[in-house]
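Scroll down for the structure; my scribbles are underneath it.
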Amino acid sequence: MGGKLWALFFMLTALAALAATFAGPLLGVGFPGDGRAYTTIGVKIDSLFMLILWIVVVVFIGTQLALGYVLWKGAEAATTGRPAQFSHGNPTLEVIWTIIPAAILLFLAIYQMDVWAEYRIKTMIPKANEVVAEVTARQFEWRIRYPQAGKPLGLRPQPDDVHTVNDLRVPVGRSVSINLRTEDVQHSFFVPHLRIKQDAVPGKVIPVWFHVTKAGEYDLVCAELCGWGHYKMKARVLAMPEDEFQAWKKQIAVEQFTDGVTAAAPDSNQTPNTAE
Amino acid sequence: MSTLNPSLDHASPHGHAGHGHHELGFVRTYLFSTDHKMIGIQFLMTTLLMMLVGGLFALGVRWQLAWPWERMPFYGDKLFPGEGGQISPEAYTMLFTMHASVMTFLVVIPILGGAFGNLLIPLQIGAPDMAFPKLNMLSYWFFLPAIVCFGMATVIDGGAAAGWTSYPLLSVLRDAAPGSRDAQTWWLFGVTFVGVSSMMGSINYITTIINMRAPGMTLFRMPLTIWAMLITAILQAFALPVLTSAGLMQLSDRLLGTCFFIPAGVIVNNAAPTVGGGQPLLWQHLFWFYSHPAVYIMLLPAMGMVSDMLACMCRKPIFGYKPMVFSMATIAGLGFIVWGHHMYASGMNPALGMTFMVATIMIALPSAIKTFNWIGTMWGGRLQFNAVLLNCVAFVSMFVIGGLSGIFMAAVPVDVYIHDTYFIVAHFHYILFGSTLFGVFAAIQFWFPKFFGRMMNDTVAKCHFVLTFIGFNLTFFPMHLLGIAGMPRRYADYLHLPYLEHLGPMNQFMTYAAMLMGSAQILLIGNFFLSMFFGPKAGRNPWHANSLEWFAPSPPPHGNFDVPPIVYHGPYEYSSPLSGDKDYLPQTEYVPLAQRRQVDAH
């Protein structure tokens, strides 16, 4: 009699796990924000996630039901005194439960290759992309360097570059790149709402490209342990429409290069130093 | 088959009585013992103690996550008087670093290899002791300095601060963090000591299993525990030197001024720029080249032991013995080529992610085969619902969850999002705690009578199981959801981030569950020590099991067997038609050849 209760106990646990999985989003613990990803790759990631989730849920239910069934039957046998079946296995079953999972797993592996290939291999650094900014992580903040409006980003800092701290602005509606660096230890550039994550490795400049689809403010955090202040590397990514982005760049340049004494601010055409 | 087997000469009853183990003094019996059982018990006691220490670290972490910056009750004022009883961010970093380091290097790896490997290998293959008893003793005595080193790494400079993965440059540059001054050096010494200790163990296990099997113990008559230990020992022998040498490289970067992992021109905390020429990613490759196989080192022995216990508790032969062996070997083989899945977001060439993804996803296949075979073993069995079986079923059930959540991480694009979030934390706790530790709880209960001669209390063990199981699931299942919500790991405070601020109540709930789980371990400790002295006496074979250890007296004397065992068939002949009026057929019980052929044909 105890045995059947135990079988139920394990089934209830499985049921609770299943319920928690689906109750999560209803309780507000789903993907961050409104649950939608606002980059092109983010949408693909979410749909892959959902595909895997459904496959996993089906397998989970199947396995746990089988487990519950054998526990229940085994408990019955123990009470009725029916002897255990003497069997060393079943080659046919082994072949079946090798081939079917293998097919499913291979399908999963091959199916998602395309997404990764499209975003990180075929076009590791899209040629047409504008590198909008260089993001340099350091303990414990993000320093961002933009080129002067109308100029490409130099690999080394230029005198007319515009700098911000913990405030990355990118245009929406087209794919853009950033160059990711770190000044000290390893960090990771993580924008949960955009499903972007890339480690910043000392000694390397890593290009990261993405295509934000909706204007808005997104949290930028660090996802690689970088010291005691790891948790407080909080910044924002502000995705703005193209024209606003350009206007902002002009305006921030004015703010940065106006010293309050001379009235004239450098226009984008007459920057202090254009030699490169 | 076992031409080198000395057991026939050594294990004869009068032969061994002559050696007179009772003449050994206290020190040689309990401290510097060369008896594999005593060494196993030493490892078991030490690792269980370390499990408590690691668990207390974890509760500190959970306290901070539930109520960031609140004064910690009971010990806050004593441990952090300078901080007003709060856990400071540095202390929090130390807590999760040492929790993971202790649990990995001082609990899970040594409790499987050191404790159960030592206890079970000679007995299950019918050998009088390990092949190299002194080496075996040394392996324990290399383990103790590791504990001292990790202890130093906990207290010096506020504690090691680079996580158990010890990624450079945080771990290498002395100015990168307070804990990267001398604490990190102690940490690296600790890892070196456990590495040497495990290496001695694994060489010993491989030699013993290959050379010292009893007559008739062919490879495919070995219990799955022994197969698992053999495969694990091989894994360890090939993977561990990589970690040890990587650790030495990191030590020399820190102490001798080399630059294996340090690129040029890095300025940390206004210190002088580094000279450089090294590459931080190299550490990640070397570290995971060991630490991914280490995941299987931390799992395979438990898989083997659970297979043995399930067959016994279901009174049924193991379903698909050879598929079980081959899938363990496949897991071990594939385990060597999947390390890159820890590095999808690391700046490694993205194209490499593809190969690692395929290998990683395919490693789910042998895991699935094993799961189906365990269910097959229970199917049609006559289940004895005691604490051993319950913990074993928990192992299977939790392994399903941990295995399935692994598929999300194997997928490169999805992993890019959930990497370094709580989803990962949930996943590996389902494997390391949900599977391995429930397997270990079962194994303690199952083999306790063999080594202490007394039974553990089943009712208390069941209470311990239920509380731990419920506490475990309530603590770790919600972590999947936290990960999907984008909560990064290793954060001392997440509530100041707008997109995470609604997660406070959930974290508090998980901390209550963790406290429940932690306090349930009192039942285990109490049951363990009280049973050692007051439990009902067990005979040689209280579970009516087949394998050779149950043929020896409980507890077995020095030299193990009073009658040298000869093996006639595999260890899983439960409910065999040949077994007569009992439902088990010990490996030593002679069955005429013609009848044995009939059984083999089954």
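Contact order for segment B:366-471, expressed relative to its length and based on alpha carbon pairs under 8 Å spaced 6+ residues apart, stands at 36 percent.
Note on exposure: B:V396, A:V254 ranked by accessible area (1.4 Å probe, complete protein assembly) read A:V254, B:V396, with the most exposed listed first. Residues of segment B:508-543 falling in the label zone of B:E70, defined by backbone nitrogen less than 19 Å from a point 7 Å along Cα to beta-carbon, are B:508-519.
Assigning unit charges at the beta carbon (Lys, Arg +1; Asp, Glu -1) and nothing else, what dipole magnitude in debye, to the nearest 20, does chain A show about its Cα centre?
Details: 25 positive and 25 negative charges, 157 e Å.
That gives a dipole near 760 debye.
Once you charge only the Cβ atoms, +1 for Lys and Arg and -1 for Asp and Glu, what is the size of the charge dipole of the protein assembly as shown about its Cα centre, to the nearest 20 debye?
Values: 51 positive and 50 negative charges, 345 e Å.
Dipole of the protein assembly as shown, to the nearest 20 debye: 1660 debye.
Selection among B:L467, A:P202, B:F57 by position relative to the dipole of the protein assembly as shown gives B:L467 as farthest towards the positive end (Cβ unit charges, Cα centre). Averaged over peptide B:473-481, the number of partner chain Cβ atoms lying within 10 Å of each residue's Cβ comes to 3.
Of the whole protein surface, A:I55 contributes about 40 Å² of accessible area at a 1.4 Å probe radius. Taking the Cα centre of segment B:18-109 as reference, the dipole from Cβ charges on Lys and Arg (+1) and Asp and Glu (-1) amounts to some 140 debye.
Placing unit charges on each Cβ (+1 for Lys and Arg, -1 for Asp and Glu) gives chain B a dipole about its Cα centre, and among B:S575, B:S367, B:G179 the Cα reaching farthest toward its positive end belongs to B:S575.
If R0 is 56 Å, what FRET efficiency do you get for B:A351 and A:A66 from their C-beta distance, rounded to 0.05? Present the calculation step by step, with values, prior to reporting the outcome.
Details: r = 39 Å, r/R0 = 0.70.
That gives a FRET efficiency of 0.90.
Once both labels are positioned 7 Å from their Cα atoms along Cα-to-Cβ, the gap between B:D458 and A:T40 label points is 6.4 nm. The spread of Cα positions in segment B:298-419, taken along each principal axis and listed from longest to shortest, comes to 52, 26, 21 Å.
Rounded to the nearest 100, the interface formed by chains A and B buries 8700 square angstrom of accessible surface, both chains summed, with a 1.4 Å probe.
When all protein chains stay in place and ligands, DNA and RNA are ignored, the 1.4 Å accessible-area order of B:Y584, B:Y344, largest first, is B:Y584, B:Y344.
Using a Förster distance of 41 Å, how high is the FRET efficiency between B:Y590 and B:K134, based on the Cβ-Cβ distance and rounded to 0.05? Kindly include the intermediate steps, with their values, before the conclusion.
Values: r = 36 Å, r/R0 = 0.88.
The formula returns an efficiency of 0.70 here.
For segment A:182-233, a/c is not less than 1.5, where a ≥ b ≥ c are the root eigenvalues of the C-alpha gyration tensor, and a/b does not top b/c. That puts it in the oblate class. Per-residue shielding of A:63-72, expressed as the average number of other chain Cβ atoms within 10 Å of the residue Cβ, stands at 6.
For chain A, the relative contact order works out to 18 percent when only alpha carbon pairs closer than 8 Å and six or more residues apart are counted. Model label points for B:S245 and B:F220, set 7 angstrom from Cα along the Cα-to-Cβ axis, are 3.7 nm apart. In this structure, B:I337 and B:N211 have a Cβ-Cβ separation that, at R0 = 35 Å, corresponds to a calculated FRET efficiency of about 0.70.
Treating each Cα of the protein assembly as shown as one equal point scatterer and applying the Debye formula with no solvent, the log10 of I(q)/I(0) at q = 0.06, 0.10 Å⁻¹ comes out as -0.43, -1.10.
Positive end of the dipole of the protein assembly as shown, charges at C-beta (+1 Lys, Arg; -1 Asp, Glu), about the Cα centre: which of A:L15, B:N386, B:H99 has its Cα farthest in that direction? Of the listed residues, the answer is B:N386.
The angle between the Cα long axis of helix A:40-80 and the main principal axis of chain A comes to about 20°, on a 0 to 90 degree scale. Assign one of three labels to segment B:25-139, namely rounded, prolate or oblate, based on the Cα gyration tensor with a ≥ b ≥ c the square roots of its eigenvalues; rounded applies when a/c is under 1.5, prolate when it is not and a/b is larger than b/c, and oblate otherwise. Prolate, since a/c reaches 1.5 and a/b exceeds b/c.
Among the aspartates and glutamates, select those whose C-alpha is under 19 Å from the C-alpha of A:K44, and discard any that sit fewer than 8 residues away in the same chain. Those aspartates and glutamates meeting the cut-off are A:D34, A:D114, A:E118, B:D415.
The peptide list B:363-372, B:503-512, put in order of mean Cβ contacts within 10 Å with the highest first, becomes B:363-372, B:503-512.
Sorting B:M313, B:M51 on solvent-accessible area from highest to lowest, probe radius 1.4 Å, gives B:M51, B:M313. Taking all C-alpha pairs of segment B:208-320, those more than 25 Å from each other amount to 48 percent.
Enter the mean number of other protein chain beta carbons within 10 Å of the beta carbon of each residue in A:229-242, as an integer. Mind dumping the intermediate values first?
Details: counts 5, 12, 13, 6, 2, 3, 0, 1, 0, 0, 0, 0, 0, 0.
The per-residue average across the peptide is 3.
A 1.4 Å probe run over segment B:234-288, with the rest of the protein chains in place, finds 42 Å² accessible per residue.
Taking all protein chains as shown and a probe of 1.4 angstrom, A:V29 keeps an accessible surface of around 10 Å².
The separation of segment A:9-77 from segment B:67-91, counted between C-alpha centres, amounts to 37 Å. Would you please classify the overall shape of segment B:120-193 from the alpha carbon gyration tensor, given that a ≥ b ≥ c denote the square roots of the eigenvalues, rounded means a/c under 1.5, and beyond that prolate means a/b larger than b/c while oblate covers the rest? Verdict is prolate for segment B:120-193.
Considering Cα pairs under 8 angstrom that are at least six residues apart, work out the relative contact order of chain B and quote it in whole percent. Don't skip to the answer; put the middle values down first.
Values: 1060 pairs, mean separation 95.7, N = 602.
Worked out over chain B, it gives 16 percent.
Using only Cα atoms, find the angle between the long axis of helix A:242-257 and the longest principal axis of chain A, and express it within 0 to 90 degrees, rounded to the nearest 10. Once rounded, one gets 50 degrees. Report summary: the helix-based calculation at 222 nm, which adds -39500 (n - 2.57) for every DSSP H run with n ≥ 4 and divides by the residues of the protein assembly as shown, gives -17500 deg cm²/dmol.
Counting heavy atoms of the protein chains alone, A:D199 has an accessible area of about 0 Å² for a 1.4 Å probe. Could you give the Stokes-Einstein D for chain B in µm² per second, using the C-alpha Kirkwood radius, 10 °C, 1.306 mPa s? It comes out at roughly 63 µm²/s. A simple count of charges around B:P350, restricted to other residues whose Cβ falls under 13 Å of its Cβ and scoring Lys, Arg +1 and Asp, Glu -1, yields 0.
The values are calculated or read from the model by the stated rules, or taken from the named source; none is laboratory data. Remember, it's a predicted structure, so these values are computed and weren't measured experimentally. So basically every Cβ, Gly included, is an ideal-geometry build from the backbone, and we count neighbours across all protein chains shown. We work out accessible area using only protein heavy atoms, side chains counted, and drop any ligands, DNA or RNA first. Shrake-Rupley method; radii C 1.70, N 1.55, O 1.52, S 1.80 Å.
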